[in-house]
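Values quoted throughout were computed directly from the atomic coordinates according to the rules given, and no laboratory measurement underlies them. Small disclaimer: the values here were computed from a predicted structure and weren't measured. Glycine gets a Cβ as well: all are built from the backbone with ideal geometry, and neighbour counts include every protein chain shown.
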Amino acid sequence: MSTHLKRWLWRLSAAVTVLSVAAPAWAVPSFARQTGQDCVACHIGGYGPQLTPYGIRFKLGGYTDSDGKGGKVPLSGMVVASYNQFKNDDGKDTSKTRMSEASIFLAGRLTDQIGAFVQATHDGIERHSAIDQADIRYATPLTLYGKDAILGVSVNNNPTVQDPFNTLPVWSFPYTSSPYGNAMGAEFQGLGGVEQRVMGTSAYAFVDNRWYGELGLYNTISPGVQSRLGLGHADGQELGRLRNAPYWRLGYMRDLRTQAFSVGLFGFDGTLKDRSSGDRLARFKDLGVDASYQFLGTREHVATVNTSYIRERSTDAEGARNTQRDWRLSTSYHFQNTYGGTIGYFRGTSANGEAGNRGMLYQLDWTPWGKESSWMSPWANLRVGLQYVAYRRYVQGTTDEATGETSYAPVGRPRDKNTVSVFAWTSF
């Protein structure tokens, strides 16, 4: 076994160990093998993060639902490869074919009430391996005031990775994208800015198959542990320390069999401080709303609409204030959970002018497997797609070599930031 592979496997096992001590979806086939269900039972279009009502309940139940048969191993793998067309930094048309990422997963039931979704990923572009998303859960069903309920605890490394509706930043569209693509919307200090570098523990309840509530706290992992997980010691020092940052989430869902919808509200705020001096590096307050609608019918024609709006108010070390906003809207249609199309809109703004990307995403995809009669079911799944990202506005920073100061302004030809990608996304 190569030294590189040994290091990668060690990082996955280390991540599982760290998370397990702290607390005594992607569509992965290990879940299908465990439950005896087809991928289409949990996922819109038979693949990817969009969840059906059954998929939402499976996640809330701690990834522990099972067909009662033993011998299931909670391991899966994933590979994403793509052909990409884009303009490089000097404006020349460029095309590249790459294996953009490969992952291994610990995903499924560990005990009757404990389950996990832990991902380690090798980045084929940066040629670097690290811990990726992680969510370990304890869940128990019970009756609360005469209503069916699920109570649980999630230990995870990224705010919103644990969200059951898969409409918030970690799992929102685009579900896969060109590794050479540019930023879509706004980028936040909190959500996204601390991903994989924190440890969060939250308690949640889902009552009467409708009402959802969650409350948790996040703390940064030490730079040394971040380095062992492949995230970089220097980057961990630069991020600073986050202590007991509160995260909360409220949601309402209705499963009407042939259709379903959800609405929600969430917040996350905290202060990042220098690890040596204790001085404040940044203060952020994130607040967001989201909603989704699914037309499920007889599962021959499936249509969805998902949207989210997030506002972040932040203050930097010098006391300068900024407000960023990110709005995303997407709609998708799938025929027989095989042939699909998605149209998405994204828009980011910021008071200081550093963010202002706006554009559209178009995707056509084919998912031949994931059904009961599919080849290799339930051992593998595949999605092949064509994706085009078109910018209507793109803000870019320019650094003055003499002063070192960076100024931001919209580029004159935002279409130069457009990307075309043909991808193959498979898991097993």
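Going by Cα centres, the range 395-428 and the range 48-114 are how many Å apart?
Comparing the Cα centres of the range 395-428 and the range 48-114, I get a distance of 26 Å.
What is the range 3-427 by shape, rounded, prolate or oblate, if you read a ≥ b ≥ c off the alpha carbon gyration tensor as root eigenvalues and call it rounded for a/c under 1.5, prolate for a/b larger than b/c, and oblate otherwise?
Taking the square roots of the gyration eigenvalues as a ≥ b ≥ c, the range 3-427 is rounded.
Rounded to whole Å, give me the distance from the Cα center of the range 343-383 to that of the range 119-168.
20 Å
Return a single number: how many Lys pairs in the range 50-179, at a sequence separation of 8 or more or on separate chains, have alpha-carbon atoms below 27 angstrom apart.
Going through the range 50-179 pair by pair, I get 4.
Using the per-residue mean of other Cβ atoms lying within 10 Å as a proxy for protection, in what order, highest first, do the peptides 133-139, 348-354 fall?
Final packing ranking: 133-139, 348-354.
Given a Förster distance of 22 Å, report the FRET efficiency between Glu126 and Thr406 from their Cβ-Cβ distance, rounded to the nearest 0.05.
It comes to 0.40.
Averaging sequence separations of C-alpha pairs under 8 Å and six or more residues apart, then dividing by the length of the range 217-305, give the relative contact order as a whole percent.
It comes to 23 percent, rounded to a whole number.
For Cα pairs less than 8 Å apart in space and 6+ apart in sequence, what is the mean separation divided by the residue count of the range 281-428, i.e. the relative contact order in percent?
It rounds to 15 percent for the range 281-428.
Rounded to the nearest 0.05, what FRET efficiency do Gln237 and Leu364 give with R0 = 45 Å and r taken as the Cβ-Cβ distance? Could you check?
0.55
Before rounding to the nearest 500, sum -39500 (n - 2.57) across all DSSP H runs of length at least 4 in the chain and divide by the residue total; then give [θ] at 222 nm in deg cm²/dmol.
It lands at -3500 deg cm²/dmol.
Could you check the spin-label model distance between Leu329 and Leu215? Points 7 Å from the Cα along Cα→Cβ, value in nm.
The two pseudo-label positions are separated by 3.5 nm.
Is any residue of the range 346-377 close enough, with backbone N under 19 Å, to a label point placed 7 angstrom from the Cα of Tyr388 along the Cα-Cβ axis, and if so, which?
346, 358-366
Sorted by mean Cβ packing within 10 Å, highest first, what order do the peptides 388-399, 198-209 take?
Answer by packing, highest mean first, reads 198-209, 388-399.
Kindly put Asp286, Asp112 in sequence by how many other C-beta atoms sit within 10 Å of each C-beta, fewest to most.
The order, fewest Cβ neighbours first, is Asp112, Asp286.
As a footprinting exposure proxy, order His128, His334 by other Cβ within 10 Å, with the fewest listed first.
Going from least to most buried by this count: His128, His334.
So for the pair Thr271, Lys96, with labels modelled 7 Å out along Cα→Cβ, what separation do we get in nm?
4.1 nm
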